[in-house]
Structures are given as structure tokens and as C-alpha cells.
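K.L.:
Attaching a single structure in C-alpha cells format; questions to follow.
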Amino acid sequence: MAFPAGFGWGAATSAYQVEGGWDADGKGPCVWDTFTHQGGERVFKNQTGDVACGSYTLWEEDLKCIKQLGLTHYRFSLSWSRLLPDGTTGFINQKGIDYYNKIIDDLLANGVRPIVTLYHFDLPQALEDQGGWLSEAIIESFDKYARFCFSTFGDRVKQWITINEPNIFAVMAYEFGVFPPGVSNVGTKAYQAAHNLIKAHARSWHSYDSLFRKEQKGMVSLSIFAGWAEPADPYSASDQEAVKRAMAFQLDFFAKPIFIDGDYPEVVKSQVALMSKKQGYSSSRLPEFTEEKRMIKGTADFFAVQYYTTRLVKNQENRKGELGLLQDVEVEVFPDPSWISLSWVCVVPWGIRKLLKYIKDTYNNPVIYITENGFPQGDPTSFDDTQRWEYFRQTFQELFKVFPQLKCHGLHLTPGPILLFGEDQLA
């Protein structure tokens with residue numbers, strides 16, 4: 001078996017997870033600094049990212065790993081508050097610029113293409129204090145930050161991710177309250193934040209398109225998390241419909257407005273409107289796109305998806321009209337007990353094949369980058385990681401089955417959970 005010519009191999013990291021140096025050289029605090037320093041039951045063993053993998057001072061060691069692995073791409077995120085400590089261009093931190101310039105220049109000097117993420121969950125605390133992602137003002141703030149980054153690094157960076165996993169961020173931060181800012185407003189704030197995330201992405205794409213694309217000749221997209229959904233009972237019509245709703249709320253919620261028509265999936269709008277009416281709301285809890293539709297449609301140059309696992313989905317009618325995102329979808333989600341699993345990741349290699357086929361068929365066969373994929377390790381870690389090796393082997397076999405049908409250009413491997421501290425993601 002051989003991968004297609006030009007297929008890219010990468011590793012993916014994010015600033016808060018690997019850099020450390022949380023207050024070094026003029027960096028401002030981000031929401032994760034505030035959140036973890038508060039401690040409590042939401043912070044595992046009161047750990048923080050103050051040191052993390054120490055990549056801020058140990059970048060050269062990471063570079064050695066990148067070269068040893070023979071990677072063609074390296075995806076990393078910029079710390080917004082390291083570059084702009086208060087979140088605005090009124091205060092620019094030159095040492096932050098120098099740090100990322102070195103990373104970019106070192107990668108290019110070694111034949112590795114940088115893929116740069118602008119936002120990986122680490123909003124400057126100063127902007128959170130002004131309302132964060134629940135305020136429409138964040139759209140303008142993000143656009144100014146994006147334009148600063150395009151202007152500063154875009155002469156060398158040709159592939160940009162605006163926002164990492166906006167669907168995961170909105171739910172974990174504003175539905176469950178387990179990511180900062182830790183605001184749990186069930187059934188409402190996640191939709192509000194998601195709405196602003198989509199508009200912020202679209203605004204920054206247009207800025208790149210109008211101000212930088214002609215000279216820099218780069219590409220811009222966002223990375224969407226997507227697990228595959230499989231009907232619990234393949235012969236059940238209600239479970240099959242539940243799967244459609246699950247995919248619509250998880251993947252299509254963000255992908256359809258951006259890749260298709262500037263609006264949410266019809267089933268999402270109808271479900272939230274129906275549940276809102278049952279709950280006594282005068283209008284739907286899901287915000288509407290109005291004049292923004294034309295601004296949002298077509299604002300991605302490639303499809304970036306992040307796959308780890310699959311779940312079984314069963315129809316579960318919300319007869320009591322309970323408030324909540326899962327209640328809006330009217331599904332029950334669970335793993336097959338026969339699947340090998342560690343933490344939240346179940347080894348279901350065929351899920352990635354079905355997901356990629358779904359993207360191909362639904363979104364007109366776009367160019368696809370798998371910007372995250374991997375299997376977690378427990379703590380302490382072991383080099384006898386047969387499970388992880390087997391996960392990748394089986395995943396690659398499934399990819400080979402669909403490569404002839406897809407424009408799949410690359411795979412970026414990560415060690416697992418979104419927040420896994422204590423080991424270098426490249427080690």
C-alpha cells in the first residue's frame with residue numbers, strides 16, 4: 001500500500017498545551033491561565049499549563065523530533081495573548097513575534113510546511129472581561145488579530161486555520177462549562193457563542209481574501225471536530241433519522257453555512273425552534289443569519305476535519321421538553337461495549353472512512369486535510385504503546401479504501417485528548 005503522491009504527514013500542537021512560559025517575556029494572561037489558576041473540581045489535580053511541555057524555551061528540541069519523524073507539515077497555534085497581551089494591536093509584544101518567526105523560519109529551512117491556527121481556545125483574558133465569545137464585539141477583535149497575523153507571518157505561512165474546533169469549544173465552554181470561561185447556560189449560550197465564532201471566521205476569511213491573498217497566495221479555513229455517528233439499530237428508521245440529526249448538529253452546523261449556503265441545516269433550525277416553543281420561548285433559542293448569509297457562504301479554501309472516534313446513536317424523544325443541546329437533537333449517544341477504548345476515544349477505524357465519504361458527498365468533494373487524529377495515552381505513559389500503533393495501522397488501512405475517491409491531502413497526528421498535559425506531543 002502506498003499513499004498518494006504529495007500526501008502530507010504532520011503533527012499538531014496548540015499553544016497552551018505545549019508552550020508554557022505563561023507570563024514570560026510580556027505575554028498577557030489567557031482564559032486558560034485564569035481558569036486553571038482558580039483550581040477546583042473542573043481542573044484535573046489542579047494542574048496548569050504554566051510549564052506544559054516547555055516548548056517556549058525548548059523549541060529546538062521539538063524541531064529535532066519533527067525532523068526525526070520526517071514530517072512534511074507541522075500545525076501549531078499562535079497564542080493571541082503572547083502576541084497581543086491585551087488582545088488588541090494597541091500593545092504588540094515583539095518577543096512573541098520573534099518566537100513565532102523563529103518557529104516558522106526553522107520549519108521552512110528544514111522543508112516543513114507550517115499550518116498555523118489563529119485560535120485554539122485561549123482567548124486573552126482582557127477580551128473575556130469584555131464579554132468574550134458571547135459578545136458581538138469579539139468579531140471585530142478577532143478580525144483585527146487575524147489581519148495582524150496575516151500581515152506579520154503571511155509572507156511565509158501559506159495555510160491558515162482561523163478557529164480550532166468551534167463546535168467543541170462552544171459546547172464545552174458554554175453548555176457544560178468545563179472549558180474556560182466555564183459558563184454553563186444550558187441550551188442557550190453555546191448557540192450564541194457558535195454564531196459569533198462562525199461570523200468571526202467569515203470576517204477574517206474575507207480580510208485575507210481582499211487584503212492578502214493576491215500577494216501571499218495562501219489558503220484559509222477552520223478545523224471542525226467530527227466523530228462518526230452510526231445508528232444503534234441499523235434497521236430502525238428512527239435511529240437512522242437520529243443519526244442525520246446528530247451529524248447535522250455536530251458537523252453540518254458549522255460546515256453547511258461556510259461551504260454551502262450561509263445558513264444552518266434545516267433540521268437544526270426546526271429542532272431548536274420546536275423545542276424552544278415547547279419550553280415557552282417566544283422565538284427560537286438559535287440565532288438567525290440574515291444579511292450575513294452572503295458574507296458566510298464560501299469562506300473556506302479547503303475542508304479541515306478532526307476525527308478521533310465513533311459513537312452509536314439512538315433516537316430519544318424529548319417528551320418533557322427538557323432544555324439542553326442533546327435534548328434539542330433528541331438522541332442518545334454511546335459507544336459499542338465491544339470497541340476497544342481509552343478515555344473517550346474508541347478504536348473504530350471504519351468511522352473515518354465513512355466520515356470522509358460523507359464529507360465528499362455532502363460538500364461537493366472538497367480538498368480535505370485531516371488536521372487532527374490520534375489515540376490517547378494514560379499517565380504515566382509507556383513506550384509499549386501497542387494500542388496506539390494498532391489504532392494508526394487500522395486507520396491507515398481504512399484511508400486507503402477511500403483515497404481513490406477523495407481529494408485528501410494530509411494527515412496530522414496528535415496524541416489524543418484536547419487537554420492532555422505532561423508529555424511533549426511530538427515525543
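The values are calculated or read from the model by the stated rules, or taken from the named source; none is laboratory data. These figures come from a predicted structure and were not determined experimentally. Cβ atoms come from the backbone with ideal geometry, glycine included; neighbour counts cover every protein chain shown. For accessibility, only protein heavy atoms count, side chains too; no ligands or nucleic acids. Shrake-Rupley method; radii C 1.70, N 1.55, O 1.52, S 1.80 Å.
K.L.:
Placing +1 on the Cβ of each Lys and Arg and -1 on the Cβ of each Asp and Glu in the chain, which of GLN125, PRO337, TRP32 has its Cα farthest towards the positive end of the resulting dipole?
P.N.:
So the residue furthest toward the plus end is PRO337.
K.L.:
Could you work out the relative contact order of the range 20-105? I mean the mean sequence separation of Cα pairs under 8 Å and 6+ apart, divided by the number of residues, in percent.
P.N.:
34 percent
K.L.:
Here's something else I'd like to know. From the gyration tensor of the Cα coordinates in the range 36-120, what semi-axes in whole Å does the equivalent ellipsoid have, largest first, with each one equal to sqrt(5λ)? Spell out each step's value before the answer.
P.N.:
Values: eigenvalues 132, 73, 24 Å².
For the range 36-120, the ellipsoid semi-axes come out as 26, 19, 11 Å.
K.L.:
Do any trypsin sites (Lys or Arg not before Pro) in the range 183-254 lie in a loop, going by DSSP, with at most 14 other beta-carbon atoms within 10 Å of their beta carbon, and if so which?
P.N.:
Details: sites: LYS189, LYS199, ARG203, ARG213, LYS214, LYS217, LYS244, ARG245; in loops: LYS217.
Hits after loop and neighbour filter: LYS217.
K.L.:
How far apart, in nm, are the 7 Å Cα→Cβ label points at ASP336 and ASN185?
P.N.:
For the pair ASP336/ASN185, the computed spacing is 4.0 nm.
K.L.:
Something else now. Residue-wise, which Karplus ³J(HN,Hα) couplings in Hz belong to the range 344-351, taking 6.51 cos²θ - 1.76 cosθ + 1.60, θ = phi - 60°, and x for glycine or proline?
P.N.:
Working through the residues one at a time gives 8, 8, 9, 7, 9, x, 5, x Hz.
K.L.:
If the only charges are +1 at each Lys and Arg Cβ and -1 at each Asp and Glu Cβ, what is the size of the charge dipole of the range 169-228 around the Cα centre, to the nearest 20 debye?
P.N.:
Working: 6 positive and 3 negative charges, 42 e Å.
Dipole of the range 169-228, to the nearest 20 debye: 200 debye.
K.L.:
Size of the dipole of the range 8-148 about the Cα centre, Lys and Arg at +1 and Asp and Glu at -1 on the beta carbon, nothing else charged, in debye to 20?
P.N.:
Numbers: 12 positive and 19 negative charges, 95 e Å.
Around 460 debye, computed over the range 8-148.
K.L.:
Now, a different point. Quick one: P(r) of the range 101-214 from all Cα-Cα pairs, 10 Å bins, percents rounded to integers, in order of increasing distance.
P.N.:
Calculated over all Cα pairs of the range 101-214, the distribution is 14, 42, 28, 14, 2 percent.
K.L.:
Considering only protein heavy atoms, what per residue accessible area in square angstrom results for the chain with a 1.4 angstrom probe?
P.N.:
With all protein chains present, the chain gives 41 Å² per residue.
K.L.:
Determine the calculated [θ] at 222 nm for the chain from helices alone, applying -39500 (n - 2.57) to every DSSP H run no shorter than 4 residues and normalising by the residue count; nearest 500 deg cm²/dmol. Kindly include the intermediate steps, with their values, before the conclusion.
P.N.:
Values: 17 runs with 171 residues, N = 427.
Value at 222 nm, helices only, nearest 500: -12000 deg cm²/dmol.
K.L.:
Dipole size in debye (nearest 20) for the range 227-371 around its Cα centre, Lys and Arg Cβ +1, Asp and Glu Cβ -1?
P.N.:
That gives the range 227-371 a dipole magnitude of about 40 debye.
K.L.:
Using the Cα atoms of the chain to build a convex hull, what is its mean projected area in square nanometres? Spell out each step's value before the answer.
P.N.:
On the way: hull surface 81.6 nm².
That works out to 20.4 nm².
K.L.:
Pop out the carbon and sulfur fraction of the accessible area of the range 1-155 as a percent, whole number, probe 1.4 Å. Intermediate values should be presented prior to the final figure.
P.N.:
Working: 3250 of 6320 Å².
After summing per-atom areas, the C and S share lands at 51 percent.
K.L.:
Now a separate question. If you average the sequence gap of Cα pairs under 8 Å that are 6 or more apart and divide by the length of the range 46-197, what percent do you get for the contact order? Walk me through the intermediate numbers first.
P.N.:
On the way: 185 pairs, mean separation 31.6, N = 152.
In percent, rounded to a whole number, it is 21.
K.L.:
In addition: Mind listing which GluC sites (Glu not before Pro) in the range 1-85 are in a DSSP loop and have 15 or fewer other Cβ atoms within 10 Å? Don't skip to the end; give the middle numbers.
P.N.:
Working: sites: GLU19, GLU41, GLU60, GLU61; in loops: GLU19, GLU41.
Qualifying residues, ordered by number: GLU41.
K.L.:
What length, rounded to one decimal in nm, is gained on full extension from TRP9 through to LYS277, with 0.36 nm per residue of separation minus their alpha-carbon distance?
P.N.:
Working: separation 268, 0.36 × 268 = 96.48 nm, distance 4.81 nm.
Between TRP9 and LYS277, full extension yields 91.7 nm more.
K.L.:
Now for a separate question. Ordering SER55, SER238 by accessible area with a probe of 1.4 Å, largest first, what comes out? Kindly include the intermediate steps, with their values, before the conclusion.
P.N.:
On the way: SER55 5, SER238 55 Å².
The residues order as SER238, SER55, largest area first.
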